[in-house]
Amino acid sequence: MLIRAIQPQFGIARMRERRGGDDDRLLCSGPGKLCQALAIDGSHSRLPLTAPPFAFARSETDPAAIVSGRRIGLTKAMDFEWRFGLAGSPYLSRRF
């Protein structure tokens, strides 16, 4: 699973230190930016997402607000709608 973007809500000051800039919308708007903002590196590879240092919480977002679309930046399987996101989110690197 590849998480491509998040809406930062906690630790924003620390994310800004790691990434620079002051636009919260751009802090985590792509996989590289997200990893830099959260200090995720190769040592986190293959760690279970269900155990620390990771923690996920159930979203209160209406499932109907989740949209799917074609993958971007790839040449294989680009017709598959394997890209998911929150409709209208300004935190995505590319809108649907």
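Derivation of every value follows stated rules applied to the coordinates shown; laboratory data play no part. All figures in this text were calculated on a predicted structure; none of them were measured in a lab. Here the Cβ positions follow ideal geometry from the backbone for every residue, glycine too, while neighbour counts run over all protein chains shown.
Overview of results
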quantity: Which labelled figure in [x] 33, 15, 14; [y] 31, 17, 12; [z] 22, 17, 15 is semi-axes √(5λ) of the Cα gyration tensor in Å, once derived from the coordinates; calculated: [z]
quantity: Furthest towards positive pole of dipole, Leu38, Ala77, Ile12, structure part the stretch 12-86, Cβ charges; calculated: Ala77
quantity: Lys, Arg +1 and Asp, Glu -1 on Cβ, resulting dipole of the chain about Cα centre, debye, nearest 20; calculated: 300 debye
quantity: Max mean-square fluctuation residue, GNM over the chain, Cα-Cα springs under 10 Å, options Arg14, Arg71, Arg58; calculated: Arg58
quantity: Length gained when the stretch Ser43-Met78 is fully extended (0.36 nm per residue, less Cα-Cα span); calculated: 9.7 nm
quantity: Built amide H within the under 5 Å cut-off of Arg83, gap 5+; calculated: Gly69, Arg71
